[in-house]
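Below you'll find the structure, written out as structure tokens, and then a few comments.
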Amino acid sequence: MFKIMIVEDDLKIAQIVKENLIKWSFDVKVVEDFSDVLSVFSEYKPHLILMDINLPLYDGFYWCSQIRKLSKVPIIFISSRNTNMDIIMAINMGGDDFINKPFSIDVLVAKINAVLRRTYSYMDVESDIVEYKDVFLNIKDNCILYKGRQIELTRNEFKIIYILMKNAGSVVSREKIMRSLWEDESFVDDNTLTVNINRLRKKLEEIGIEGFIKTKKGQGYVIL
């Protein structure tokens, strides 16, 4: 079942759209906290997003650009702002289609189905994002996004943060991390892992992520 995420300022409209899409066998999530759209996106893992332009706090263009740093999930803009400039901006920011308000539900469903066919006839529908406490790890691009700031990671840095974020809240031993990096830790100088961890911490601090990776003496590392 395809999952649709609705980011719409008018919750009455969002609810009407949701009820109609459910009739077409879509799973639907309406965003209600407009300050935390990325977290909802990461948790829900939608296959398509319906995005209004006029939103509280940040507009739809902003959220589209933030999501595009993490994912190529299709985004259809729905808005009463229908000047040529608005449509051009929507497409340039990464939107896949644009629908003017007011709109027909039948037209909306037709456009949704068309975009889904184009997108998922050749793409994997699984999410490429791991998220913990507003830190987003893009698996495909080996990069970290935090509060609009982004850094690229080396292969080893990515593997370290990936295994720690997948096991967030649990201590991961140095041996397990080294096996994930080099398969057989007996051929690796123990200091090599320490160097990689320290380099990773410095990169995280550069974009404001302080104290993300904790050391558990004699045990390993943990993200809390």
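Counting only C-alpha contacts under 8 Å and six or more residues apart, can you give the relative contact order of the chain as a whole percent?
On the way: 325 pairs, mean separation 30.0, N = 224.
It rounds to 13 percent for the chain.
Just to check I understand the Karplus step: with θ = phi - 60° and J = 6.51 cos²θ - 1.76 cosθ + 1.60, what whole-Hz values come out for the range 210-224, glycine and proline as x?
Working through the residues one at a time gives 9, x, 6, 9, 9, 8, 10, 3, x, 10, x, 10, 8, 9, 10 Hz.
Just list whichever of LYS3/LYS166; LYS72/LYS101; LYS18/LYS147; LYS140/LYS166 have alpha carbons separated by over 21 Å in the model shown.
Values: LYS3/LYS166 23 Å; LYS72/LYS101 25 Å; LYS18/LYS147 29 Å; LYS140/LYS166 15 Å.
As for pairs spanning more than 21 Å Cα to Cα, those are LYS3/LYS166; LYS72/LYS101; LYS18/LYS147.
Counting only other residues whose beta carbon sits under 12 Å from that of ASN198, what net charge do I get with K and R as +1, D and E as -1?
Values: positive: ARG199, ARG201, LYS202, LYS203; negative: GLU157, GLU205.
So the environment of ASN198 carries a net charge of +2.
Under a 5 Å amide H to amide H cut-off, with H placed in plane at 1.01 Å, what residues pair with VAL28 once short-range neighbours are removed?
For VAL28, whose amide H was placed from the backbone, the distant partners under 5 Å are ILE4.
Determine the dipole magnitude for the chain: charges of +1 sit on the beta-carbon of Lys and Arg, -1 on that of Asp and Glu, nothing else is charged, the reference point is the Cα centre, and the result goes in debye to the nearest 20. Please report the intermediate quantities before stating the final value.
On the way: 31 positive and 32 negative charges, 66 e Å.
Its charge dipole is roughly 320 debye.
As a footprinting exposure proxy, order SER42, SER80 by other Cβ within 10 Å, with the fewest listed first. Numbers along the way, then the final one.
Numbers: SER42 20, SER80 13.
Lowest count first: SER80, SER42.
Based on DSSP loop calls and a cut-off of at most 16 other Cβ atoms within 10 Å, the longest stretch of the chain free of exposed GluC sites (Glu not before Pro) is what?
33-125
Please report, to two decimal places, log10 I(q)/I(0) for the chain at q = 0.14, 0.18 Å⁻¹ as given by the Debye formula with identical point scatterers on the Cα atoms and no solvent.
-0.88, -1.22
Trypsin sites (Lys or Arg not before Pro) within the range 131-222: which are DSSP loop residues with at most 16 other Cβ atoms inside 10 Å? Let's see the in-between values first.
Values: sites: LYS133, LYS140, LYS147, ARG149, ARG155, LYS159, LYS166, ARG174, LYS176, ARG179, ARG199, ARG201, LYS202, LYS203, LYS214, LYS216, LYS217; in loops: LYS133, LYS140, LYS147, LYS217.
Of the trypsin sites (Lys or Arg not before Pro), the ones in loops of the range 131-222 whose Cβ has at most 16 other Cβ atoms within 10 Å are LYS133, LYS140, LYS147, LYS217.
So for ILE99, ILE78, ILE197, fewest C-beta neighbours within 10 Å to most, what's the order?
Numbers: ILE99 17, ILE78 24, ILE197 20.
Lowest to highest Cβ neighbour count: ILE99, ILE197, ILE78.
Any chance you could give the angle, 0 to 90 degrees and rounded to 10, that helix 155-166 forms with the longest Cα principal axis of the chain?
It works out to around 70 degrees.
On C-alpha positions alone, give me the angle between the axis of helix 190-206 and the longest principal axis of the chain, in degrees, nearest 10.
That works out to roughly 40 degrees.
What ranking do ILE139, ILE88 get, fewest neighbouring Cβ atoms within 10 angstrom at the top?
Numbers: ILE139 14, ILE88 11.
Arranged by neighbour count, lowest to highest, ILE139, ILE88 become ILE88, ILE139.
Read-outs: derived from the displayed coordinates by stated rules, not from any lab. Note that the structure is a prediction, hence the values are computed from the model and not measured. For neighbour counting, all protein chains shown are included, and Cβ atoms are generated from backbone atoms with ideal geometry for every residue, glycine included.
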